[in-house]
Amino acid sequence: MKLKIFDTVANISPITCDRLILVDPNCQSIQRLPVGQVGAIVEIYPGESPRYLVEFADLQGREYAMAVLQPTEIIALKYELSSVG
C-alpha cells in the first residue's frame, strides 16, 4: 500500500528523542516515543526508500512531536474495512 500525505499512521517501534522534533514545551522531557502513537504524514521524501515526516498530536489536535520515519517504522491505520483479495 502506498502511503499519501495526511494518511493516519502509528509507529511500530519506539522513536528515540534524538530522532524527534519536540514541538510542545511540556513534552521536552520525553526520552522516546512509545510504540502505537498515532500521527499523520505531513511530508513525503521520495526516493528508492521513501521517508515520511509524521506529525504526532494529542486528541485536541495539538502537535507535540514530529519525526522522519522509514516505511518499516509505521503502519497505516484504517477506519473502514477494505475489500480483501
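Observations on the structure shown:
- Formal net charge of residues neighbouring GLU63 (Cβ-Cβ distance under 14 Å; K, R +1; D, E -1): -3
- Charge context of LEU22, other residues only, Cβ under 15 angstrom, K/R +1, D/E -1: -2
- Convex hull volume per residue for the chain, taking Cα atoms only, in Å³: 106 Å³
Any read-out appearing in this document is the output of simple, stated calculations on the displayed coordinates, not a laboratory observation. Here the structure is a predicted model, which is why all the values come from computation and not from measurement. Using ideal geometry, Cβ is built from the backbone for each residue, glycine included, and neighbour counts are taken over all protein chains shown.
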